[in-house]
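The values are calculated or read from the model by the stated rules, or taken from the named source; none is laboratory data. A quick note: this is a predicted structure, and the numbers were derived from the prediction, not measured. In this analysis, Cβ positions are derived from the backbone assuming ideal geometry, glycine residues included, and neighbour counts consider all displayed protein chains. Accessible surface is based on the protein model in full, side chains and every heavy atom, while ligands, DNA and RNA are left aside. Shrake-Rupley method; radii C 1.70, N 1.55, O 1.52, S 1.80 Å.
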Amino acid sequence: AIARSLISGQSKMIGLIAAYLDNQFYPIVLERLAKALQARGYHTLLFISEPGDQDHELEKLLAYQVDAVVMASATLSSALARECLDAAIPVVLFNRDVPNSPANSVTSDNFAGGRQVADYLIESGHKQLAYIAGAENSSTNRDREAGFLAGLDAAGVSLAHRAVGGYTHEGASEATHAFMRSDNPPDAIFVANDHMAFAVLDTLRQGLGLRVPEDVSVIGFDDVPQAAWKAYGLTTVAQPTDAMIEATVSLLFDQLEVGHAETTRQCLPVSLVERDTARRPQG
């Protein structure tokens, strides 16, 4: 394979950089993405990065002469994205977007998802709403929160509580304890992803002895398989995972095989999945 790559100028390797693998969404994405690339005759080289250290990992990855790069749950500086572009190495950001970057991106409509959650909770009669953010600098968190706040503002409702969970189980649990100790505890919590929402549910039910959704409604984001498990029955916003993977692969091969060079940003629609952790609108 190495000898063939020297002759053809292609390694047939796609580099993947990922963070937040404790979030159940990303292992599923990486497995399906790797299989989709294998079906096209390419294999994947996976690097795990710490949040905020993606440029360093990408520089190491490029030393392996990969033909293209997919960054899942990770971003990169515009300077390094331009360096990849100049070297004719396609880069696709998966589930992230960097404004004004020359890198391609595939995301779901996080803003619309946040707005749907706000509308749903308000229509269900909630008055004290809280938000648990993921990573402050991530585009997913930024857009989900912006959509949520836009929905509240349109209804003339103020956000009662906000905390940063950092996309971690521990951070979400601590935020929930802090919310419920306050003088005006929330009657609904929107959580920036399902991984943290599971921590919120465990804390409310087992840690604090509260009923969900009778005492507090909880809505997550992603719709990972565990959200449908009976123990959780999580109401959440579903990302179109398969469509996002298909769009990512299509973008890669448009550039690898067709030579399409125009920067593309794709934003795919989301949907609210009603289960058992949020009161439903009446009527």
Per residue solvent-accessible surface (Å²) - the chain, probe of 1.4 Å: 44
Solution diffusion estimate, µm²/s, Stokes-Einstein, region 109-242, Kirkwood Rh from C-alpha pairs, 10 °C, viscosity 1.306 mPa s: 111
Below 20 Å, Cα to Cα, which aspartates and glutamates can K127 reach? Residues fewer than 8 away in the same chain don't count. D119, E145, D153, D183, D187, E214, D215, E274, D276
In debye to the nearest 20, how big a dipole does the chain give about its Cα centre with +1 on each Lys and Arg Cβ and -1 on each Asp and Glu Cβ? 400
Set Lys and Arg Cβ to +1 and Asp and Glu Cβ to -1, take the dipole of the chain about its Cα centre, and tell me which of G113, P90, A135 lies farthest positive. G113
Anchor K12: lysines whose Cα lies under 28 Å away (excluding residues fewer than 8 positions away in-chain): K35, K60
Within region 221-273, what whole-number % of the accessible surface is contributed by carbon and sulfur, with the 1.4 Å probe and all protein chains included in the calculation? 53
